[in-house]
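The values are calculated or read from the model by the stated rules, or taken from the named source; none is laboratory data. This structure is a prediction, so every number in the text was calculated from the model and none was measured. All Cβ positions, glycine included, derive from the backbone under ideal geometry; neighbour counts span all protein chains shown. Just so you know, the surface numbers come from the protein's heavy atoms only, side chains and all, with ligands and any DNA or RNA stripped out. Shrake-Rupley method; radii C 1.70, N 1.55, O 1.52, S 1.80 Å.
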Amino acid sequence: LMGLSSPAFFWLMLPCTPLRDRSKTDIFKACFKRAKVPIPRLWVIELDHFGHFNAMIAGFRRGFGWFKPGLFITRPMLNHLSEDELRAVICHEVSHVALGHARKKTVYLLAFAAASMAFLGIFFYLAGKWYLPETIQTISPFLASGLILGLFLRLRKMTHEHEVEADY
């Protein structure tokens, strides 16, 4: 789960190249400088044939090494958006960094992983059900499932809140 916050997750899984277009890098760097946010590594996701328009930021504001922020933008988005449109997209991504969304989401993902592991632990523990009274055998899986579902729903809501907050 921590890998999802690392730019390495994206450049190892997707065909990425460093952004070399000077006019685009100048636009992106200006957005980060204006927000007083460290300038991330700039990557282009080379998936032209899919025609996806997407941009995302990965890493932590004060991250280093594999967790140093990286901005990923698809080639079709770079090729088809005007400078003003690109600036708006990048400012949205800058907002995610400035507001610490990656850190918040990672905390929730770790809680989700912990709850999932607890659920598995309960499941295997209940496999030896002769050690537990019948009432706990009946309630425990529902409690663990409820915790996991609650964390998942909160993560989903938090993701929506982060998108709206970054737009604002």
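Out of all the residues in region 101-110, is one or more at pLDDT 90 or above, open to solvent by less than 60 Å² (accessible area, probe 1.4 Å) and out of contact with any Lys or Arg (no Cβ under 9 Å at 6 or more places or on another chain)?
Filtering region 101-110 down to residues at pLDDT 90 or above leaves none.
Within region 101-110 (the criterion being at pLDDT 90 or above, open to solvent by less than 60 Å² (accessible area, probe 1.4 Å) and out of contact with any Lys or Arg (no Cβ under 9 Å at 6 or more places or on another chain)), the answer is no, since none of the residues qualifies.
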Quick check on region 73-100: of everything there that is assigned to a loop (DSSP other than H, G, I, E, B) and not polar (S, T, N, Q), which residue is most open to solvent (accessible area, probe 1.4 Å)? 99
Test each condition in (1) closer than 22 Å to residue 12 by Cβ; (2) modelled with pLDDT of 80 or more; (3) charged (D, E, K, R) for residue 83 and report the one that comes out false. (1)
Scanning region 18-41 for residues that are within 16 Å of residue 86 (Cα to Cα), outside any loop (DSSP other than H, G, I, E, B) and among the basic types (Lys, Arg) gives 22, 24, 29, 33, 34
Among all residue pairs at least 6 apart or on different chains, which show Cβ distances below 7 Å where the first residue, located in region 100-118, is without any contact (Cβ under 8 Å) to a residue 40 or more places away in the chain and the second is in a helix (DSSP H, G or I) and open to solvent by 70 Å² or more (accessible area, probe 1.4 Å)? 115/147
Residue satisfying condition, being modelled with pLDDT of 75 or more and either among the β-branched types (Val, Ile, Thr) or open to solvent by less than 30 Å² (accessible area, probe 1.4 Å) (or both), within set 63, 150, 70: 70
